[in-house]
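Enquirer: Sharing a structure with you now.
Nothing in this text is a laboratory measurement; each read-out follows from the coordinates by a stated rule. These numbers were taken from a predicted model, which means no experiment stands behind them. Glycine gets a Cβ as well: all are built from the backbone with ideal geometry, and neighbour counts include every protein chain shown.
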Amino acid sequence: MDTNSESTILIVDDHKETQESLIKILQKEGYTVLAAESGEIALDIIRKRPVQVVVTDLRMPGMSGIDLLRACKAIAPEIEIVLISGYGTIETAVEAMKEGAYDFVAKPFKKIMLTKTIKKALEKQSLAAENRYLKEQIKDLKSLGSRKQVIGTSLAMRRVLEIVSQVASSSATVLIQGESGTGKEVIANALHYYSSRADKPFVKVSCAALPETLLEAELFGHERGAFTGAIARREGRFEVANGGTLFLDEIGEMSMATQVKLLRVLQEGEFERLGSSKTIKVDVRLVAATNVDLLEAIKQKKFREDLYYRLNVITLTLPPLRDRKEDIPLLAEHFLNIYREKNHKPIKGISKEAMDILLAYSWPGNVRELENTIERAVVLARTDLITLEELPENLKRAVVSLGADPLTPEELPENLKGENLNKNYLIVPLGTPLEEIELQVIHETLRRVKGDKNLAAKLLGIASRTIYRKLGELEKMDSPSEHREENILDQT
């Protein structure tokens, strides 16, 4: 299938002759070609139209090719960027690649070189699309006895799922890190059911749920009479999981003595049951999860360093829900579907006011707290729509939304005394001065472009000196928000 006609290439060059020449070459190859004479115009096009590849000159008045590259990656990370220049150096090419460019082509170049580069860039995009398809399949993941889906289209979750798709088929040990309630068990399910071990057992053990002596027996099994109450021989979880996957949740709570035995299994693939001298060999893929900072636990002599490095072959860090708020509507709809069927209630959806509250709340309990909130709302719903009335009071007290009475500074909750930002919008208390709102917008833009003030200014359509002036004024402010804004500056 010829995909050229489906691909749009954007040419960015301030030299009219070069621009027209590139347009002619690429149109003959069957591509849809757009053109811009500056980086600013190019960004406007990218915001309005789907573009697969940007071919940009390096040196241009105003926004340079490198600046455009950074801006494109902030706005639409999936776009591939090809930089061209007659002033190319190895250092410039290396910088471009580090910033995410697909390739750097030095002038003069041959037509075949450029078209081949663009073709390869589009092939890379095609592979990325296949990865996204795999991620969609992961969302339809089925676990033992129940359906558990990986829900999320945010950049943070896409990165996690990309790693899942890459490592699921391997036998590498995986360490999943993240706050309580972020979905570590769901990711463990995905790793198992998209591996070659999917038809073998998937065994789960919570290391925090059992005391030390019982956990050891649970993992490695025991012989009759091995300890008081051991009235019969029992296989351990490693034996049960042989050929499959063993998921050790809250591994940071495991005792040092049990850690020694676990280390041996990871190193040698063998162990003995409690009360037995017979060595048992197993083939088990281990997935571990923790909400504990294991490096800090090592410093405190609560976790073995050698075990940590055995576990830390592949590390997945799950983002808290407050850092992936764009996924909240998807998650809320997912849980709504589950609990309206479970409770046989004909609920059609969630009101805008209620969704605004869900989006503004900080979710310290993460996805688990959101699930419990939706389940509660479904049970309490009196109509076919979930409204503010069905949401817990602590959520409504924690946010200020349009239509609600404004709170006084004394009533304002802690999570709104600082910035309350996410990728697509800002939630601020009613009555917030416009100057402070401006500062929050500047802060969020700086965060997105990794602190590059000049690039942030270009994205916002203001002079860079305006950003420096605004931030300089902020440093002089003598108000309760002073320390908060200093922290913002540190982050950028």
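Enquirer: Please rank Arg47, Arg197, fewest neighbouring Cβ atoms within 10 Å first, as an exposure proxy.
Expert: Arg47, Arg197
Enquirer: Treat the count of other C-beta atoms within 10 Å as a stand-in for reagent exposure and order Thr153, Thr228, Thr373 from fewest to most.
Expert: Starting with the residue having the fewest Cβ neighbours, the order is Thr228, Thr153, Thr373.
Enquirer: Relative contact order (percent) for the stretch 322-398, with alpha-carbon contacts under 8 angstrom and 6 or more residues of separation?
Expert: In percent, rounded to a whole number, it is 40.
Enquirer: With just the Cα atoms defining each centre, how far is the stretch 181-232 from the stretch 361-379? Give it in Å.
Expert: 28 Å
Enquirer: At 0.36 nm per residue, minus the direct Cα-Cα distance, what do Glu268 and Glu212 gain on full extension? Give it in nm, one decimal, please.
Expert: That works out to 17.9 nm of additional length.
Enquirer: Which percent, nearest 5, of DSSP beta bridges in the stretch 4-130 are antiparallel?
Expert: Antiparallel bridges make up about 0 percent of those DSSP assigns within the stretch 4-130.
Enquirer: At 0.36 nm per residue, minus the direct Cα-Cα distance, what do Ser126 and Lys110 gain on full extension? Give it in nm, one decimal, please.
Expert: 3.3 nm
Enquirer: Among DSSP bridges having both ends in the stretch 149-317, what percentage is antiparallel? Round to the nearest 5.
Expert: Bridges in the stretch 149-317 are about 20 percent antiparallel.
Enquirer: While we're looking at this one, here's another question. Per-residue counts of other Cβ atoms within 10 Å, averaged by peptide: what ranking do you get for 446-455, 187-196, highest first?
Expert: Per-residue mean Cβ counts within 10 Å order the peptides as 187-196, 446-455.
Enquirer: Now, a different point. If packing is taken as the mean number of other Cβ atoms within 10 Å per residue, what is the order of 17-28, 65-76, 95-106, highest first?
Expert: Result, highest mean first: 65-76, 95-106, 17-28.
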